[in-house]
Amino acid sequence: MIDVSKYVLTGIVIASMFKDMGESRLLLYGIGLLIACTSLVSGLLLNEKKEEK
């Protein structure tokens, strides 16, 4: 999940900087950052549970 977070951040947020998205830029950034943060947190939590066993 941590890798998914990096891919989302790269694919959605950074790639949109190179293409003119118009008015939907803030919405795209917001959704992309939300998904990336959610994936990162869930990946860290899963990794922590895996190490406890």
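Relative to the longest principal Cα axis of the chain, at what angle does helix 25-52 sit, 0 to 90 degrees, rounded to 10?
The angle comes out at about 10 degrees.
With N residues in the chain, what two-decimal value do you get for its Cα radius of gyration over 2.2 N^0.38 Å?
Its radius of gyration relative to the 2.2 N^0.38 Å reference: 1.37.
For the chain, what's the relative contact order in percent, using C-alpha pairs closer than 8 Å and at least 6 residues apart?
56 percent
Mind giving me the FRET efficiency for Y7 and L45? R0 is 22 Å, r the Cβ-Cβ distance, nearest 0.05 is fine.
Efficiency at R0 = 22 Å is approximately 0.75.
Readers should treat all values here as calculations from the given coordinates under stated rules, not as data from a laboratory. This is a predicted model, so every value here is computed, not measured. Quick reminder, even Gly has a Cβ in these numbers, built from the backbone with ideal geometry, and neighbours come from all protein chains shown.
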